[in-house]
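Student: My questions will all concern the structure given below.
The values are calculated or read from the model by the stated rules, or taken from the named source; none is laboratory data. This structure is a prediction, so every number in the text was calculated from the model and none was measured. Ideal geometry is used to build each Cβ from the backbone, glycine not excepted, and the neighbour counts take in all protein chains shown.
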Amino acid sequence: MALKATNPTTTHSWKKLQSHFESLKSKHLKDLFAADSSRAEKLTVEWEDFYVDFSKNRITPKTMELLVELAEEVNLTDAISKYFSGDIINATEGRAVLHTALRAPKSSEIFVKGENIVPGIFKVKQKIKEFTESVVFGTHKGFTGKPITDIVNIGIGGSDLGPAMVVEALQFYKNHLQAHFISNVDGDHFQEVIKDLNPETTMFVIVSKTFTTQETLSNAKSVRAWFLESLPQQAISKHFVAVSTNIESVKAFGIDEDNIFPMKDWVGGRFSLWSAVGLSISLALGYNNFESLLDGAHHMDEHFKSANFDENIPVVAALLTVWYNNFFNSESEAVIPYTQYLNQFTTYLQQGIMESNGKSVDRDGHPVNYQTGTLIWGEPGTNAQHAFFQLIHQGTKLIPTDFIGFAESLYGNKDHQDKLMSNYFAQTEALMNGKTREQVIIELKEQSYSEEQIETLLPFKVFDGNRPTTSILIKKLTPKSLGKLIAMYEHKIFVQGIIWNIFSYDQFGVELGKQLAKSILTELKNDSSTSNNDASTQGLIRFYRNNR
C-alpha cells in the first residue's frame, strides 16, 4: 500500500488533543483575543494575493502545535510526496491521483508506470488551444458555413460541476460564445436548454470518461436526434466533440476520431476540470484564461508542497476541520463566498468533499470508530445572511464557516463593494463576539422599551458568539486566483483523508443506486414487475405507472 495506514485516534498527538480540548472547549474567542494582543498576526497566513485569517477559530497556538504534530504522526509529509509523484494512492482502484500534473510546467517529469506523462498532457493542451482558437476566431464553422455562437456541455458530476462553476465564476472574462450545460437526465431541463438554440451555430461537447454514463448518453442521444431533424448525419463532425477514454464508443456515436479529446484514469472526475474536461471552460473564456486558471492552481500546489504545516493554507484548513469534526462534534461546515460570481462554488465543493471523504471504512478495510467527512453547504453573501444565518448565529449547532471575499470588484463599483464587504467583516465579528445581556439592555433602553418589555425580550436578543469562522480574503477574482482557491480546497480534501486514514479517491457509494436504477428502468419500459423490490418501492412504482 502506497499510503501508510494509521488510525488517528491511536496516536499520541490525538490523546494530547483530547486533553487540550477539555481545557479549551469552554473558552470564548473574545477572551482568547484579550489574552493575546498578537493573536491575529500569529494565526494569519499572507501568501501572494491571499490573506487567510484563522484567528477567529476556537484554537490557540498550542492547538495548532498539536494538530501539526498529528499531521506529522500520520505521515502527511510522505503522503504529499506520493500524491505529487504518481504513486498508486487510489489503491482500491489501482490508480495514481494526478490532477496536479495537469497544471505542472512543461519541464516537469512525472511518471506513471514508467512513462513520463507530462509530454502527453501538453499534447492535449495544444489540441485544446488549437480547437478553442479555431472556434472562437471563427475559422471552424458549422456545417452550413455559419460561425459557432453557442457551446453546450453535456456531462454529469465532475464532467459538469467543475466546468459549469468555473464558467459562471469567470463570466466577467468570457468571450462572445454562449455556454450552456445539460447534466440532469430530466427531460424538461433538456428541452429548456435546447429550445432557443440554432443547430447550425451550436457546438456540443459530450464529456464522459467511459462513454457509458446513463444520464450523459441519454442526453447526448436526444441532442443528436434533435440536431439531425435539421441537419444531415455528416454535419455531426462539425458540431460534436467528445472528451472520453472510450474511443470506439465515441466513434460509434458518430463523432470523428479527430474530435475526441482524451483523458486518463489517473484523473478523478471531481478533480478533472483541469483536463480536457475543461474544454468548455477554454471555449467560453478563451484558452489564455484557461491556462491562467491552471497556473493559479499550480502556484497553490507549490505552496502546499513547500510551506511549513503551520503556515500551509490547505493543511491548516484541513486540520481545523478535523478539530471541529472530531473534537467539537461539528457535523457540517458552511462556505459563504461574498460574490455572486461564486454562486455554484459551494455546490462544486459538495461533490469534491462529500464524495471524497464520505467513507466509513479505513485504508485497512476496517470500519472506522470516529467521524470522517463533513456536510458542506452555503450560498453567496449577503443573500445567505437573509436566509440561514440565524441558525449559525443562534442555533444549537456549531457550524464553522469559511468566508471568501475579494478586495476589488470587477466592474469597479466601490460603493457596492464597500457595502458587500462591510457585511463580510461584520458577520465574522458578530459571530465571534455575539451580543451580551448588558449590550441588549442598553440597546433596548435607547429604543425606549419598558423594563417589563426588556425583561421579556432579553433572552431572545442575546447572542452567545464564540462561533468560529475562517476569512479568506483575495485581492481580485481572476482566472489565476480562482485556480488557487479551487486547488486550496482540493488539497484540503487530501489532507483530511490522510488524517482520517481513508481512501479519498474512490466513490463506490454512488454505484448501488445506479445498478438498481437500471433494473427498475427495464421494468418500467417492459411494463413488468418483479418481487425483487421492497413493498415501499413497489408502491411508488405502481403510483408512478398509474399517473405517468
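Student: Please verify whether the stretch 45-57 includes one or more residues that are within 29 Å of Pro367 (Cα to Cα), surrounded by 14 or more Cβ atoms within 10 Å (Cβ to Cβ) and touching a residue at least 60 places away in the same chain (Cβ under 8 Å). Give the derivation first.
Tutor: Initially, the stretch 45-57 is screened for residues within 29 Å of Pro367 (Cα to Cα), giving none.
So far as the stretch 45-57 goes, no, none of its residues is within 29 Å of Pro367 (Cα to Cα), surrounded by 14 or more Cβ atoms within 10 Å (Cβ to Cβ) and touching a residue at least 60 places away in the same chain (Cβ under 8 Å).
Student: Yes or no: Lys4 at pLDDT below 95 and part of a loop (DSSP other than H, G, I, E, B)?
Tutor: Numbers: at pLDDT below 95: yes; part of a loop (DSSP other than H, G, I, E, B): yes.
It is true that Lys4 is at pLDDT below 95 and part of a loop (DSSP other than H, G, I, E, B).
Student: Scan Thr245, Thr210 and give me the residue that is under 22 Å from Thr132 (Cβ atoms), surrounded by fewer than 17 Cβ atoms within 10 Å (Cβ to Cβ), under 29 Å from the mean Cα position of the chain (by Cα) and without any contact (Cβ under 8 Å) to a residue 40 or more places away in the chain. Please lay out each step first, then the result.
Tutor: Numbers: Thr210 fails: under 22 Å from Thr132 (Cβ atoms).
The match here is Thr245.
Student: Next question, about the same structure. Does at least one position in the stretch 436-447 carry a residue that is surrounded by fewer than 13 Cβ atoms within 10 Å (Cβ to Cβ) and in contact with a Leu (Cβ under 9 Å, 6 or more places away or on another chain)? Show your work before the answer.
Tutor: Kept after step one, since they are surrounded by fewer than 13 Cβ atoms within 10 Å (Cβ to Cβ), are these residues of the stretch 436-447: 437-438, 442, 445-447.
Next, only the ones that are in contact with a Leu (Cβ under 9 Å, 6 or more places away or on another chain) stay: 437.
Yes, because at least one residue in the stretch 436-447 is surrounded by fewer than 13 Cβ atoms within 10 Å (Cβ to Cβ) and in contact with a Leu (Cβ under 9 Å, 6 or more places away or on another chain).
Student: Of the residues Ala235, Ala225, only one is in contact with a Leu (Cβ under 9 Å, 6 or more places away or on another chain), at pLDDT 95 or above and part of a helix (DSSP H, G or I); which? Quick ask: steps written out before the conclusion?
Tutor: Numbers: Ala225 fails: in contact with a Leu (Cβ under 9 Å, 6 or more places away or on another chain).
Among Ala235, Ala225, only Ala235 is in contact with a Leu (Cβ under 9 Å, 6 or more places away or on another chain), at pLDDT 95 or above and part of a helix (DSSP H, G or I).
Student: Further question on the same structure: Just name the residue that is modelled with the lowest pLDDT out of those in the stretch 377-406 that are among the hydroxyl-bearing types (Ser, Thr, Tyr) and within 18 Å of Leu473 (Cα to Cα). So that I can check it myself, show each step before the final result.
Tutor: Let us first name the residues in the stretch 377-406 that are among the hydroxyl-bearing types (Ser, Thr, Tyr), namely 382, 396, 401.
Adding the requirement that they be within 18 Å of Leu473 (Cα to Cα) leaves 382, 401.
Details: Thr382: 95, Thr401: 98.
So the residue we want is Thr382.
Student: Answer yes if at least one residue in the stretch 130-143 is within 23 Å of Ser222 (Cα to Cα), assigned to a loop (DSSP other than H, G, I, E, B) and assigned by TED's automatic domain parsing to the domain that holds Ser244, and no otherwise.
Tutor: Filtering the stretch 130-143 down to residues within 23 Å of Ser222 (Cα to Cα) leaves 141-143.
Subset that is assigned to a loop (DSSP other than H, G, I, E, B): 142-143.
In the following step, the residues that additionally are assigned by TED's automatic domain parsing to the domain that holds Ser244 were identified as 142-143.
Scanning the stretch 130-143, I find at least one residue that is within 23 Å of Ser222 (Cα to Cα), assigned to a loop (DSSP other than H, G, I, E, B) and assigned by TED's automatic domain parsing to the domain that holds Ser244, so the answer is yes.
Student: Considering only residues that are over 28 Å from the mean Cα position of the chain (by Cα) and in a loop (DSSP other than H, G, I, E, B), which ones fall in the stretch 7-33?
Tutor: Thr11, Lys25, Ser26, Lys27, His28, listed by residue number.
Student: Next question, about the same structure. With a cut-off of at least 1 residues that are more than 27 Å from the chain's Cα centre (by Cα), name the helices (runs of 4 or more DSSP H) lying wholly within the stretch 446-540.
Tutor: Working: elements: 451-461, 479-500, 511-526.
Because the criterion is at least 1 residues that are more than 27 Å from the chain's Cα centre (by Cα), the helices (runs of 4 or more DSSP H) in the stretch 446-540 that meet it are 451-461, 511-526.
Student: Which number in (1) part of a strand (DSSP E or B); (2) under 20 Å from the mean Cα position of the chain (by Cα) marks the one condition that Ile156 misses?
Tutor: (1)
Student: Mind checking whether some residue in the stretch 37-45 is in contact with a strand residue (DSSP E or B) (Cβ under 6 Å, 6 or more places away or on another chain) and assigned by TED's automatic domain parsing to the domain that holds Gln496? Step through it out loud before you land on a result.
Tutor: Step one: filter the stretch 37-45 for residues in contact with a strand residue (DSSP E or B) (Cβ under 6 Å, 6 or more places away or on another chain), giving 44-45.
From what's left, assigned by TED's automatic domain parsing to the domain that holds Gln496: 44-45.
Within the stretch 37-45, one or more residues are in contact with a strand residue (DSSP E or B) (Cβ under 6 Å, 6 or more places away or on another chain) and assigned by TED's automatic domain parsing to the domain that holds Gln496.
Student: Checking the condition crowded, with 16+ Cβ neighbours inside 10 Å and under 18 Å from Thr321 (Cβ atoms), which residue from Ala79, Ala104 passes?
Tutor: Ala79 is the lone residue from the list that is crowded, with 16+ Cβ neighbours inside 10 Å and under 18 Å from Thr321 (Cβ atoms).
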